[in-house]
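Working notes for the structure below.
The values are calculated or read from the model by the stated rules, or taken from the named source; none is laboratory data. Every value quoted in this text rests on a predicted model; they were computed, and no experiment measured them. Here the Cβ is made from the backbone with ideal geometry for all residues, glycine too, and neighbour counts use every protein chain on show. Areas reflect the complete protein model, heavy atoms only, side chains present, ligands, DNA and RNA absent. Shrake-Rupley method; radii C 1.70, N 1.55, O 1.52, S 1.80 Å.
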Amino acid sequence: MPKVYNWQIGREMDYPFEGRRPRRQAAAVFDTNKCIGCQTCTMACKTTWTSGKGQEYMFWNNVETKPWGSYPLAWDVRVLEMLGPQAWDGGVYRGRTLFEAAPGGERAVGYLPEDLDYAYPNRGEDETNVPVTEERFYLRLPHDAWFFYLPRICNHCTYPACLASCPRTAIYKRPEDGIVLLDQQRCRGYRDCVKNCPFKKVFYNHTTRVSEKCVLCFPAVERGIQPRCMRNCIGKIRTFGFVSTPDRATADNPVDFLVHVRKVALPLLPQLGLEANIYYIPPVHVGNLRFLQMLFGPGVEGAIAAYRRAMEGRDEELLGVLMLAVSTDRIVHRFRVSRGHAYGYDERGEEVVRVPLQEPTMVRPAYDPQYRAYRYNVT
Amino acid sequence: MKAQRITRRQALAGLAALGTAALPSVAQAQPSQQPDVRAVRVPVPVPADPEAEVWARVPSNEVSLMGQAMVLPTKMRPSIRAVRVRACHDGQRVAFLLEWEDRRPDRRTVKMREFKDGCGVMLLPQGAGATEWMMGTPKMPATVLHWRADWQLDLDQGFQDVEAAFPNLAFDFYPPLVGAQHPPKLPEAYPPEARRWLPGWYAGNPLSQPRKTSPVEKLVAQGAGTLEQLPTQNATGKGVWKDGRWRVVLSKPLRAADPREIPLAPGGTYAVAFAVWQGASGDRGARKSITLLGRLRVEP
Ligand code: SF4
Ligand code: SF4
């Protein structure tokens, strides 16, 4: 099997195809600390792409509550269980990836969910890690009782398991932006991609009897516009752009800055070996570091420290990039923070957005003599 | 990107390991290892029905099926042990009758884990060898007839949609079908502009067409993973499951209608192989039970 380099696990690994990176790789950073679980992203996607017959339980974007939520049912637990306990050695993964652990005659480790696994898209919503039966110490960080929202879309992986598993090569990765697409004309409904995508982000359409997946709103991306789930994010948690490999990272590219410079954003389940391209800022309040490390790899402690520095007002640049998230429909290729403002620029270098790091505030007197009324909200 | 391919040498080694016995004679108690099929000339149009009288007068030949160990994903052990093969022609069309035991028919492909039963006939020019056996090559394309139990069901009982598998389905409305009868029926309820909500159909994928004209596809393959429908869909057939047994007719005109299709003629000799899929075992694509590549003689 050919060898490819996966920087997220710090080593070469087996992959059924020779490695060829796209000219640039579409990517995003999701700040889990800001997600409010409103599912606006889910609905933005659902109404755009998957409201047809046969797609009833198909969610290219879903938001699940960790630790108990999952869609389809137990996708993460099942795939981790199949892989078995594996080890990291610092930043280098010493365990086996899904490709390296593939059983004989298969391309990767995987399982095909049942229809019932899709029947409860928001199972475990808002459930805490432990039952809250008594008052716990929620006023300190991290929390004893916690949960957090994990919004998920297809990761447009550098080494997609869906693509590797399709016997017909009906799935391809676009050289111009790394978006992974499933050819609706060539698919013959074998469902090997559904089986082997560990994130379960390929779905079977019951009516057309072929598989479908997230297209990352490529018609918008081609015009410099962000995908729908990103543009509509109420919590403004999503930074969309293009990620480089660590050796080519540029500090003024927002995604590169978050992933490579501040190392505050981490891939989801890097140990699977797919080099997933949706990155997550881990939740700072979760009182179980090992759980976070299982999900996001060995960089969790560093990421949390970097994030908290910014929240304490000690990293204006990081604060600035995060303020730019979902502040414009345009894709921000470059950013700059200066004199209390963050600036975003499009591909041609034109300014597309400017955000103050601090919202101007005004304090009104509590008592309004004109209306002879007391104000509850004075700012 | 370059796919990892199984080399010709590996394929030959595999074939040798599986044993290539000398061609056995027709109709015997033990299934033969390699197909040797005689398409006899019949004085009537070739039957489209597996239960047609004329089949009783056509010699049959039972052929062993084995797993598919050459191309990923593999299937090491066959789901079905053997397939009984008959063939005839009327000077215009050739028809094959394939029969095999299967306790339970798997006909639907609506649910995530539903896979269909099916069978296939692969035709190649004489001289095709181990490499061509794996779905042809660019130089020697294989013509494939593929009967599908799910299409047969669509033809017999109407298009099997979501509500066939999920009878309690509830859904408010499917855009853009506001006000449509519920649940909206394919294809009637879907004017062309509404089909973009059914991407496979909209993109012209043959698997996604709700209206079927035949349960048999005519395909061409130039190597594993390259299977595609030929432009002229003139293969016909029918599959009937009764008493634990599938009996399936697959038929096509002798003459080739499309550039890469194999032309057959009375008196000619060709290479042929058969395949059977058992849905309950998760068979699909390369996960199939197959015969070795053997001989097809079309009687003068
Ligand atoms: S997340 Fe799954 S569907 Fe998306 S590219 Fe990766 S393997 Fe393919
Ligand atoms: S729209 Fe944004 S805040 Fe709301 S659930 Fe989705 S990712 Fe979270």
- Query: So how compact is the protein assembly as shown: Cα radius of gyration and Dmax in angstrom?
  - Reply: 29.2, 110
- Message: Taking each residue in A:45-57, count the Cβ atoms of any other chain within 10 Å of its Cβ, then average. What number comes out?
- Response: 5
- Full-stretch length increase - A:Met294, A:Ala366 - with 0.36 nm per residue and alpha-carbon distance subtracted: 21.0 nm
- Under unit Cβ charges (Lys, Arg +1; Asp, Glu -1), what dipole magnitude, rounded to 20 debye, does the protein assembly as shown have relative to its Cα centre? 1220
- Note on the structure: Given pairs A:Lys213/B:Lys139; A:Lys46/B:Lys185; A:Lys53/B:Lys75; A:Lys3/A:Lys201 and cut-off 31 Å on Cα-Cα distance, the over-length ones are A:Lys213/B:Lys139; A:Lys53/B:Lys75
- How would you rank B:112-122, B:253-263, A:70-80, highest first, on the average number of other Cβ atoms within 10 Å across their residues? B:112-122, A:70-80, B:253-263
- Total accessible surface hidden between B and A, rounded to 100 Å², 1.4 Å probe: 4200
- Task: Work the Kirkwood hydrodynamic radius out for the stretch B:170-300: mean of 1/r over every pair of different alpha-carbon atoms, inverted, in Å.
- Result: 18.3
- Output field shielding_mean for B:203-211 (other chain Cβ, 10 Å radius) holds 5
- the stretch A:3-281 - Debye-derived log10 I(q)/I(0), Cα point model, q = 0.09, 0.11, 0.12 Å⁻¹: -0.41, -0.62, -0.75
- Note on the structure: The Cα extents of the stretch B:115-228 along the principal axes, largest first and rounded to whole Å, are 60, 26, 20
- Message: In Å and on Cα atoms, what radius of gyration and Dmax does the stretch A:1-78 show?
- Response: 17.1, 43
- Could you state the orientation-averaged shadow area of the convex hull built on the Cα atoms of the stretch A:184-284, in nm² to one decimal? 8.8
- Rounded to a whole number, the Stokes-Einstein D of the stretch A:129-207 in µm²/s (Kirkwood radius over Cα pairs; 4 °C; 1.567 mPa s) is 84
- Just counting partner chain Cβ atoms within 10 Å, what average do the residues of peptide A:200-212 show around their Cβ? 6
- Message: What whole-number distance in Å separates the alpha-carbon centres of the stretch A:209-232 and the stretch A:335-363?
- Response: 26
- Charges only on Cβ, +1 for Lys and Arg, -1 for Asp and Glu: so what's the dipole of chain A about the Cα centre, in debye to the nearest 20? 680
- Query: Of the heavy-atom accessible surface of the stretch A:3-281 (probe 1.4 angstrom), what whole percent is carbon and sulfur?
  - Reply: 53
- Query: How would you order A:272-279, A:121-128 from highest to lowest mean count of nearby Cβ atoms within 10 Å?
  - Reply: A:272-279, A:121-128
- Taking Rh as the Kirkwood radius, which is the inverse of the mean 1/r over Cα pairs, what is the Rg/Rh value for chain B? 0.99
- Query: Per the Cauchy relation, a quarter of the hull surface: what is the mean projected area of the convex hull of the alpha carbons in the stretch B:19-164, in nm²?
  - Reply: 11.3
